[in-house]
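The values are calculated or read from the model by the stated rules, or taken from the named source; none is laboratory data. Keep in mind the model is a prediction, meaning the values are calculated, not measured. In this analysis, Cβ positions are derived from the backbone assuming ideal geometry, glycine residues included, and neighbour counts consider all displayed protein chains. These accessible areas exclude ligands, DNA and RNA; they are computed on the full protein's heavy atoms, side chains included. Shrake-Rupley method; radii C 1.70, N 1.55, O 1.52, S 1.80 Å.
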Protein chains: 4
Amino acid sequence: MASDANGVSGRAEARRQKRERIVEAAIRVFARNGFGASRVSDIAREAGVADGTIYLYFQNKEDILLTIFEEKMAEVLDGLRAALDEVDDPIERIAVFARYHFEQLRRNPALAQVFQVELRQSRRFFRGYRPERLWDYLALLESAIRDGQAAGRIREDVDPFLLKWGLFGALDELAIQWVVSRKRDRFDLDRAAVQVVEVFLRGMLRPTLDGPEHGSASSNHQDPKRRSA
Amino acid sequence: MASDANGVSGRAEARRQKRERIVEAAIRVFARNGFGASRVSDIAREAGVADGTIYLYFQNKEDILLTIFEEKMAEVLDGLRAALDEVDDPIERIAVFARYHFEQLRRNPALAQVFQVELRQSRRFFRGYRPERLWDYLALLESAIRDGQAAGRIREDVDPFLLKWGLFGALDELAIQWVVSRKRDRFDLDRAAVQVVEVFLRGMLRPTLDGPEHGSASSNHQDPKRRSA
Amino acid sequence: MASDANGVSGRAEARRQKRERIVEAAIRVFARNGFGASRVSDIAREAGVADGTIYLYFQNKEDILLTIFEEKMAEVLDGLRAALDEVDDPIERIAVFARYHFEQLRRNPALAQVFQVELRQSRRFFRGYRPERLWDYLALLESAIRDGQAAGRIREDVDPFLLKWGLFGALDELAIQWVVSRKRDRFDLDRAAVQVVEVFLRGMLRPTLDGPEHGSASSNHQDPKRRSA
Amino acid sequence: MASDANGVSGRAEARRQKRERIVEAAIRVFARNGFGASRVSDIAREAGVADGTIYLYFQNKEDILLTIFEEKMAEVLDGLRAALDEVDDPIERIAVFARYHFEQLRRNPALAQVFQVELRQSRRFFRGYRPERLWDYLALLESAIRDGQAAGRIREDVDPFLLKWGLFGALDELAIQWVVSRKRDRFDLDRAAVQVVEVFLRGMLRPTLDGPEHGSASSNHQDPKRRSA
DNA sequence: AATGAATGAGGATTCATTCAT
DNA sequence: GATGAATGAATCCTCATTCAT
């Protein structure tokens, strides 16, 4: 058929695009109202399709949310892998992780909302849902810490498993505060990233022979008087 | 009557006790199912009262949740204040904060569930609800950081506001992991507290003249081989 | 006992008074909100008693309403009988009926509300309730019409049964309009009574030999320019 | 499709029909049980639809009742206007009004029930509901009376506003009695109409020169011995 | 495939009535 | 008798999901 001429925008492609429109609509709606308070008909309207159409692409409302978790997390995960691929130094990779995390947030705050609020809910209340992609994502952080230990840069008494969650929690909470606050105003996301990473790294790094100051971690000073919120 | 003699267990006291029973029941039910999926009749059954009785003590289902936030947070806040009162050293107070936070969690995991999952939801979806008690709670942490800076112990380039949220986030995320995991098994809450506080403190403390090692922060070594989860 | 000394205000008398207080409170509450929207606890509060006390005096909520119908109607009926006893002329008795009807209304508008609105409901929806007192009340009107016919004053082709309901309906509707309108303002209840009675009587009376004007019915002219509402 | 050919039974038409079915069902149910005692599910069953379907057509239960008031009264009002259009003589128009009123009643007793009982309730208890259609309906009666006065046929000392309500009340009360009584049995609605109109007209008409008998009003005698109830 | 009208299960809340004190 | 806390049956309404067109 004509639509198959270039082999790309056939039936399947049209289908994929409509599905994507629904997912994007759902992200906006869930971010606005929360999963529980969002109606399927809201998503349908936002996506410009009929209610019933949703069910041609998803099993049910919960499936939409899980799809968001899975597919969007996969994209984010791919992006993170790409970003880390270019960096060899394990310490720098930790910093890149943090910057990447906040960068995603800034680009798609609605998606960030959904992840932060609903994923947390879902971890407990969707029976058996295991956010494996999230674990993969965080495993990259844990690896970087381990690599740092193997390279003798990070203290041996640091537990990579615990610190992974600790750093993630710190980033996540700051993310929530950024999202919740009048977004762009008083909260400087870059400063937050720098601060937290600096403190974590200083806290994790092995003392070096040449003094208490630890290279990269302390390099980019900022004026602490310029309060952030 | 005898029960009125000491003026304690009168009618008002009985009322207070029943109200408390409902609150405690609600905490268990919300922790189990989440706020949205909890039925008022579940709470009533758990509390051993009739459905209608709930409404003699609370306006509606949401009011129960907000009451939990307010009253339980007030108790926790009082406890934190008492714990911090005994400590002068600002650095030690930060460590006490972390230990106290986890201690509450261990004592009342169901309450912790509700706070971590539902409060986070509520911050966004109960229009206008402002968890002021939580802010008071965290303000004590921010104060300790500022005091540490004033005493010349904590670096000046640290932003107390950002670090407050960062440390809280780290603790909170580890708390969730502890709660979510098969609770008592593989996750050592004490080690987690020690690790995170150590890293944060080391990262925040000013370098001392006598070398890169910072006294208290690094004092309680543990074997990192004993993995935590 | 001391309270029985005068034989009047003993236990029984106190009981009677409290019961009366409840009835009066119920009239006010029903008039305000309607029977359906009135809560038993509203009546209790209005009467200054506890909810449970109501049930020491009445079977249930419906019983209060029926009691109002029965007892208050009995009082009104007694009053009407007394008023009619003093009048021999059947035509005049019809006029007295109308004046008495409106007089009651003016004196106790709340009671009138309850009768007009709730009795009408109840005639249909309280299974088997037969407002016999109301029928007795109206029977006095029907008798007067019959007496007028027997005396040759009222036309033979008038059906007393139908005219009874017709006149009652006319009075009742005007009563509702009076009650519903901003009560004392624009609606002159006396004029309404005069108008309706005049028209009905003129319409029912036999033509007399001395001309088209019918004695009493046309005696109290009023300026029709002074509109009533 | 064939059904769309004439543009009548399209989707919109189907919608309109289902809506009408619900309205008609509600009239029957309200007439049977009263508004308060009627369950939405009763209406749904009577209409042969699911409970939820009701809410695709009406906001809530009260909205159904108000719709009945508005739409059915509009129909009745149109019918009255048509009936009066054919009559010039103001006196005759009053008689037509009465006959039309009873005719509607006879045709749709359930609707009459709802109007007589629930509208009366509603006039007081649905805050702010103003039965404007009813006022329009009655305004036609008032106009006829005024026209009769302007034509010198009706006495000047008659207040059209009061008589409008009076006549309406008389008709309405007789209507209720007819509806309440075992309907077709003992109560002759036609006789009632004739009687009341005759009396009212005789009472309102100006005396003519040629004697006390007033043409049309007294023309259709009936045997008063044939009691009506 | 798309539509959107229809379905009906589910649950928060009210309030008449009871009963222990 | 009086109280008022407790009960629990009853019902309106929402909304995820289905299915005829």
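Is it true that residue D:105 is open to solvent by less than 70 Å² (accessible area, probe 1.4 Å), at pLDDT 95 or above and more than 16 Å from DNA strand E (Cβ to nearest atom)? The answer is no for residue D:105.
Here the stretch A:23-35 is the region considered, the condition is being within 14 Å of chain B (Cβ to nearest Cβ) and in a helix (DSSP H, G or I), and the residue that is farthest from DNA strand F (Cβ to nearest atom) is A:31.
The set of residues in the stretch C:20-51 being open to solvent by 70 Å² or more (accessible area, probe 1.4 Å) and either near DNA strand E (Cβ under 10 Å from one of its atoms) or farther than 21 Å from residue C:73 by Cβ (or both) consists of C:39, C:45, C:51. Would it be correct to say that residue A:147 is among the charged types (D, E, K, R), assigned by TED's automatic domain parsing to the domain that holds residue A:179, more than 16 Å from DNA strand F (Cβ to nearest atom) and part of a helix (DSSP H, G or I)? Here the answer is yes, as residue A:147 does meet what is asked.
Do we have residue C:99 as away from DNA strand E (no atom under 16 Å from the Cβ), at pLDDT below 95, in the same structural domain as residue C:193 (by TED's automatic domain parsing) and assigned to a helix (DSSP H, G or I) here?
So residue C:99 passes the test.
If you go through the stretch A:61-84 one residue at a time, do you hit one that is within 16 Å of DNA strand E (Cβ to nearest atom), free of Cβ contacts under 8 Å to residues at least 40 places away in the same chain and either open to solvent by less than 70 Å² (accessible area, probe 1.4 Å) or in contact with a strand residue (DSSP E or B) (Cβ under 8 Å, 6 or more places away or on another chain) (or both)? Among the residues of the stretch A:61-84, at least one is within 16 Å of DNA strand E (Cβ to nearest atom), free of Cβ contacts under 8 Å to residues at least 40 places away in the same chain and either open to solvent by less than 70 Å² (accessible area, probe 1.4 Å) or in contact with a strand residue (DSSP E or B) (Cβ under 8 Å, 6 or more places away or on another chain) (or both), which makes the answer yes. Restricting attention to the stretch B:135-169, the residues being of a type in the set (Asp, Glu) and open to solvent by less than 10 Å² (accessible area, probe 1.4 Å) number 1. Kindly indicate whether residue C:129 is within 20 Å of the chain's Cα centre (by Cα) and in a loop (DSSP other than H, G, I, E, B). In short, yes. Counting only helices (runs of 4 or more DSSP H) that fall entirely inside the stretch A:36-93 and contain at least 1 residues that are within 14 Å of chain B (Cβ to nearest Cβ) and either within 12 Å of DNA strand F (Cβ to nearest atom) or over 22 Å from residue A:129 (Cα atoms) (or both), the qualifying elements are A:61-67. Has the stretch C:170-186 got at least one residue that is open to solvent by 80 Å² or more (accessible area, probe 1.4 Å), more than 7 Å from chain D (Cβ to nearest Cβ) and at pLDDT 85 or above? Scanning the stretch C:170-186, I find no residue that is open to solvent by 80 Å² or more (accessible area, probe 1.4 Å), more than 7 Å from chain D (Cβ to nearest Cβ) and at pLDDT 85 or above, so the answer is no.
Taking the conditions (1) part of a helix (DSSP H, G or I); (2) open to solvent by 40 Å² or more (accessible area, probe 1.4 Å) in turn, residue B:122 satisfies each one other than (2).
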